[in-house]
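The values are calculated or read from the model by the stated rules, or taken from the named source; none is laboratory data. All of these numbers come straight from a predicted model, not from anything done at the bench. Glycine gets a Cβ as well: all are built from the backbone with ideal geometry, and neighbour counts include every protein chain shown.
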Amino acid sequence: MAITIAILSQKGGTGKTTLTRSLADGLTRAGLNTLAIDSDPQGNLSEYFGVPAEAYPTLGEVLAGREKAVDAIHDGVIPANLGLAEAELMLAGKIGRELTLRSALREPKRHHDVILIDCPPTLGLLTVNALVASDRAILSTEAEHFSEQGAEQAMEVINLARENLNPDLELLGIMLNIADMRTRHARRTLELLREEFGDLVFDTVIRRSIVYPESARAGRPIYEFNRRKALDYARLTVEVLERLDLPGPLGRARKTLRELEPKS
Ligand SMILES: Nc1ncnc2c1ncn2[C@@H]1O[C@H](COP(=O)(O)OP(=O)(O)O)[C@@H](O)[C@H]1O
Ligand SMILES: [Mg+2]
């Protein structure tokens, strides 16, 4: 059965989609059969996977109950488009609306090792569906003013999902993303996050670099697009596999990391 991980944040532009794409690639390279799910009507993750805009079926049809999730997999991702916003509205009026994605993923969970769900920028019904379908959550936080408060709000939603709908949900970690560690401000944000959330904060910080938007535009994962710049996400992949306690894939991810680390 796949370990399912929701990638979320309290708002847009915190690097969720880039994190989902890069981690999916890192885990695949570590030998895990990985499926990504685009749960944002903007469809950025689908584009990053190089899935054409007219791909069919998508997550919208799956949540509407018209298609099966296994039939909606295109090149390692269940894509999304604006139709997902419509599906979300329709879902709102249904009994068991929070459980729809969880039920839909029952079958793909049997055929994969890991499923990563890229959440939309709001903490609404699609995010709740992702949290209810997941075993773990990763919180992506950008280094900017009040990001600790944002992290707290997202934590509240995770806690609500756990208390009411999914008692097995655990926070895998909080990640500082798109960080310019040369600024005092980013360093201070990291300090505040560590004070507040302790070991839940990943040691890995994803630094700001133009290579990420470039790789997204090219529709190719960072390791493939510019291998030398893949260091931060190679580190994160190792840390995630340590936390998931998967020794085989962890060994392979460590090997990839050693190849990328600058020789001293
Ligand atoms: N580490 C990074 N450094 C610089 N830009 C980044 C980084 N990670 C993501 N980006 C860019 O920031 C924007 C928002 O990132 P994205 O992953 O789409 O966030 P979200 O899914 O939370 O909205 C995109 O243009 C993306 O390419
Ligand atoms: Mg996104």
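Overview of results
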read-out: Some residue of region 152-161 being in a helix (DSSP H, G or I), surrounded by fewer than 17 Cβ atoms within 10 Å (Cβ to Cβ) and in contact (Cβ under 8 Å) with a residue 40 or more places away in the chain; value: yes
read-out: Matching option when the condition is of a type in the set (S, T, Y), within 16 Å of ligand 2 (Cβ to nearest atom) and modelled with pLDDT of 95 or more, among Y212, Y223; value: Y212
read-out: Residue that is farthest from the chain's Cα centre (by Cα) [pool: residues in region 1-43 that are more than 28 Å from E86 (Cβ to Cβ) and aliphatic (A, V, I, L, M)]; value: M1
read-out: Residue list for region 185-237, filter: surrounded by 15 or more Cβ atoms within 10 Å (Cβ to Cβ), within 11 Å of ligand 1 (Cβ to nearest atom), basic (K, R) and within 18 Å of N44 (Cα to Cα); value: none
read-out: Within region 218-229, tally of residues that are touching a Ser or Thr at 6+ places or on another chain (Cβ under 9 Å) and in contact (Cβ under 8 Å) with a residue 60 or more places away in the chain; value: 4
read-out: Every residue from region 43-80 that is within 16 Å of ligand 1 (Cβ to nearest atom) and assigned to a helix (DSSP H, G or I); value: N44, L45, S46, E47, Y48, L59
read-out: So G173, is it within 16 Å of ligand 2 (Cβ to nearest atom), surrounded by 14 or more Cβ atoms within 10 Å (Cβ to Cβ) and either of a type outside the set (A, V, I, L, M) or part of a helix (DSSP H, G or I) (or both); value: no
read-out: Residue check, T189 of a type in the set (S, T, N, Q) and closer than 27 Å to D135 by Cα; value: no
read-out: Matching residues, region 11-42, being surrounded by fewer than 24 Cβ atoms within 10 Å (Cβ to Cβ), part of a loop (DSSP other than H, G, I, E, B) and away from ligand 2 (no atom under 13 Å from the Cβ); value: G31, L32, N33
read-out: Check on T4, part of a helix (DSSP H, G or I), of a type in the set (S, T, N, Q) and touching a residue at least 40 places away in the same chain (Cβ under 8 Å); value: no
